[in-house]
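Heads up, the thing below is written out as structure tokens.
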Amino acid sequence: ITGVQLPKDDYEDRGDNDRRKRLYAVTAAASKLFATALRSSGGADARKYLQGRGLGPEEWDRFAIGFAPDEWTWTIDKLKAEGFSQEEIVQAGVARDGEDGKRAIDTFRGRVTFEITDTAGKVIGFGGRLLDANAKAAKYINSPETPLYSKSRVLYRLKQARELLAKTKAPGLVVGEGYLDVIAFERAGIAAVAPCGTAVTDEQMQLLWRAGGEPVFSLDGDGA
């Protein structure tokens, strides 16, 4: 009713929802930028790598695969041009604050990117696979913890795997080691997910059981 003051908690909830909507908009915009970059002249090495893994343009679209150019602020600059603030870009995990007060830099640089969504299909983060084998950096990285993304509570491709599981009537989901493993399973008609760079957590186990049936683990045989 006009003129009636809302309780403070309602204001706070509305503010939180508005902030989350902005962060969702940042990650969705970043996903589109990465997809475009993959098809650009600068994405040649990324395309070569993916095609070497048997993944062509159809798979890039189907699995929302992209490329983050090897530049310090490419993503930040592009997102700022779309009206997002640096604070929002950092909060969404697409960039991170520089050390010792230095300017923020892109989280993903010189990497093939894999879109990570929530169970509603909204983009909440990314995984990134390093292209330069000689670089002194981790081969795979994931988005940092954000208001949208917590890697211990997320499974890669869970939404799509649940949909496929319902169609195939399989006993349960397969848990693969990483992004490319899940993509290979899904292309073969097998409903699969993967933890995002972490050991399987209690929260992820709950998600697996809620999906229906008994999960099957197909992880790498290394010590990790």
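The values are calculated or read from the model by the stated rules, or taken from the named source; none is laboratory data. The structure displayed is predicted, hence computed values, not measured ones. No Cβ is skipped: glycine too gets one built from the backbone with ideal geometry, and neighbour counts run over all protein chains shown. Protein only, heavy atoms only, side chains kept; ligands, DNA and RNA dropped before computing areas. Shrake-Rupley method; radii C 1.70, N 1.55, O 1.52, S 1.80 Å.
For ASP118, the stated conditions hold: it is closer than 19 Å to ARG20 by Cα and either touching a Cys at 6+ places or on another chain (Cβ under 8 Å) or charged (D, E, K, R) (or both). Residue-level analysis places VAL112 among those that are crowded, with 18+ Cβ neighbours inside 10 Å and part of a strand (DSSP E or B). On the stretch given as the stretch 134-144, residues that are touching a residue at least 12 places away in the same chain (Cβ under 8 Å) and either closer than 29 Å to ALA120 by Cα or open to solvent by 60 Å² or more (accessible area, probe 1.4 Å) (or both) total 5.
Could you check, for the stretch 98-108, whether at least one of its residues is at pLDDT 95 or above, among the β-branched types (Val, Ile, Thr) and surrounded by fewer than 20 Cβ atoms within 10 Å (Cβ to Cβ)? Yes, the stretch 98-108 contains a residue that is at pLDDT 95 or above, among the β-branched types (Val, Ile, Thr) and surrounded by fewer than 20 Cβ atoms within 10 Å (Cβ to Cβ).
Looking across the stretch 145-156, just one residue is touching a Cys at 6+ places or on another chain (Cβ under 8 Å) and open to solvent by 40 Å² or more (accessible area, probe 1.4 Å), and that is LYS151.
Of all residue pairs spaced 6 or more apart or on separate chains, those with beta-carbon atoms under 7 Å, a first member in the stretch 74-90 that is under 13 Å from PHE34 (Cβ atoms) and a second member that is in a helix (DSSP H, G or I) and open to solvent by less than 50 Å² (accessible area, probe 1.4 Å) are THR75/ALA30; THR75/LEU33; LYS78/LEU33; LEU79/VAL26; LEU79/ALA29; LEU79/ALA30; LEU79/ILE89.
Do the conditions hold for ILE105, that is, is it farther than 23 Å from LEU50 by Cβ and in contact with a Phe, Trp or Tyr (Cβ under 7 Å, 6 or more places away or on another chain)? Criteria met by ILE105. When restricted to residues that are open to solvent by less than 20 Å² (accessible area, probe 1.4 Å) and not in a helix (DSSP H, G or I), the stretch 85-97 contains 4.
Scanning the stretch 109-119 for residues that are modelled with pLDDT of 95 or more and more than 11 Å from the chain's Cα centre (by Cα) yields ARG109, GLY110, ARG111, VAL112.
Can you say whether THR201 is surrounded by fewer than 22 Cβ atoms within 10 Å (Cβ to Cβ) and among the β-branched types (Val, Ile, Thr), as far as the supplied structure shows? Spelling it out, THR201 is indeed surrounded by fewer than 22 Cβ atoms within 10 Å (Cβ to Cβ) and among the β-branched types (Val, Ile, Thr).
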